[in-house]
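Note sheet for the following structure.
The values are calculated or read from the model by the stated rules, or taken from the named source; none is laboratory data. Predicted model, so just to flag it, every value in this text is computed and none were measured. Every residue, glycine as well, gets a Cβ built from its backbone with ideal geometry; the counts of neighbours run over all protein chains shown.
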Amino acid sequence: MSDQIIGGKSFTAVAINCAAKAGEWIKTKLGNHTSLSLKYSAQDLVTEVDKGAEMMIRNLVQTHFPDHSFLGEEGVEPGPEASTRALQSVRDAEYLWVVDPLDGTTNFVHSFPFFSVSIALAHRGEVIVGVVYDPIRDELFVAEKGKGAYVRGRRMGVSSEQNLRESLIATGFPADPNYALPLNMKGLQALVPQVRNIRSGGSAALHMAYVAAGRLSGFWELGLNAWDLAAGSLLVTESGGRLTDIKGNPYDLGVRHVVASNAHIHDEFLHALQQAESGN
Ligand code: 2AM
Ligand code: CA
Ligand code: CA
Ligand code: CA
């Protein structure tokens with residue numbers, strides 16, 4: 001990590017400290033979590049590790065910054081309506097921490113080693129710090145607004161592919177069978193023959209970090225929440241990538257249907273997804 005990024009007891013230093021502590025603890029619980037329950041649906045899992053990691057992060061943030069607001073996945077009732085309400089109630093706060101304590105719970109439960117801790121700080125709705133930590137690979141991805149993005153202390157940059165044909169793309173499969181899932185399937189069917197290949201790792205935050213690091217050319221997923229995307233959004237833009245919703249509108253904390261890319265392929269990527277959606 002560069003000195004410029006850590007810089008004393010900065011917001012970024014606290015975010016990194018939170019992500020590292022939570023991530024290390026999560027790793028010790030891999031393969032021996034004790035409780036598993038369902039939230040909104042049979043696919044929506046939560047363990048005591050999700051809740052414990054969130055409490056750890058919340059306590060640390062509040063110790064350092066008692067006046068800041070906090071939006072964490074496990075503090076919100078399950079389901080899209082409740083998450084929209086929860087975001088509305090805090091999105092204009094001066095300082096808002098947006099936290100997914102464990103992104104990729106399904107992977108964690110199955111010991112599939114691809115999950116992350118995602119921590120963002122927004123200032124009046126604009127993300128100014130983004131940290132994603134992968135405890136399995138001990139990879140820390142950090143971005144500060146206007147100061148670039150780093151992985152393992154080295155500056156990151158997006159990949160150079162200029163078209164979909166050369167692109168490795170990731171997605172995730174949404175739970176909503178009435179709208180988001182059919183739309184995602186149309187996109188998948190349209191994209192598979194147009195791209196190099198598709199991956200689905202199961203952690204949206206880590207997929208965003210991989211776009212930022214040039215390991216994926218693009219990523220799209222429907223039906224996400226602010227805590228899945230906030231930290232990764234800054235990683236992508238500070239690495240030279242582009243980030244919009246599926247209609248091409250700029251990213252903000254309310255975006256659920258996200259399209260992230262190395263910027264070069266963005267228009268072609270959006271066009272392919274929109275064509276698929278409209279059935280052309
Ligand atoms: P989670 O593990 O923090 O719940 C994988 O496709 C992505 O979708 C992950 O970022 C995962 O986050 C999220 N996810 C899993 N189940 C979900 C659900 N029922 N609704 C919305 N997002 C979900
Ligand atoms: Ca969850
Ligand atoms: Ca998540
Ligand atoms: Ca989570």
Exception for Ala86 within (1) touching a strand residue (DSSP E or B) at 6+ places or on another chain (Cβ under 9 Å); (2) within 16 Å of ligand 4 (Cβ to nearest atom); (3) in contact (Cβ under 8 Å) with a residue 24 or more places away in the chain falls at (3)
Note: among Ser261, Ser239, just one is more than 23 Å from Gln43 (Cβ to Cβ), touching a Leu at 6+ places or on another chain (Cβ under 9 Å) and either buried (at least 24 other Cβ atoms within 10 Å of the Cβ) or touching a residue at least 40 places away in the same chain (Cβ under 8 Å) (or both), namely Ser261
Going by what's in this entry, would Val127 be described as part of a strand (DSSP E or B), in contact (Cβ under 8 Å) with a residue 40 or more places away in the chain, more than 16 Å from ligand 2 (Cβ to nearest atom) and buried (at least 24 other Cβ atoms within 10 Å of the Cβ)?
yes
Checked pairs for the stretch 49-75, first within 12 Å of ligand 4 (Cβ to nearest atom) and modelled with pLDDT of 95 or more, second among the basic types (Lys, Arg) and not in a helix (DSSP H, G or I), C-beta under 8 Å and 6 or more apart or across chains, list as Val49/Lys29
Within the stretch 242-276, residues assigned to a loop (DSSP other than H, G, I, E, B), in contact with a strand residue (DSSP E or B) (Cβ under 7 Å, 6 or more places away or on another chain) and of a type in the set (Gly, Ala, Ser) come out as Ala263
Given (1) more than 30 Å from Val14 (Cα to Cα); (2) surrounded by fewer than 18 Cβ atoms within 10 Å (Cβ to Cβ), Arg154 misses just (1)
Cβ pairs under 8 Å, 6+ apart or interchain, first in the stretch 164-191 and assigned to a strand (DSSP E or B), second small (Gly, Ala, Ser), ordered by first then second residue, are Leu168/Ser217; Ile169/Ser217; Ile169/Gly218; Ala170/Ser200; Ala170/Gly201; Ala170/Gly218; Thr171/Gly187; Thr171/Ser200
Over the stretch 59-96, the set of residues of a type in the set (Gly, Ala, Ser) and part of a strand (DSSP E or B) is Ser69, Gly72
Only one of Ala143, Ala42 is assigned to a strand (DSSP E or B) and more than 16 Å from ligand 3 (Cβ to nearest atom), namely Ala143
Ile57: passes all of (1) more than 16 Å from ligand 2 (Cβ to nearest atom); (2) within 16 Å of Leu121 (Cβ to Cβ) but (1)
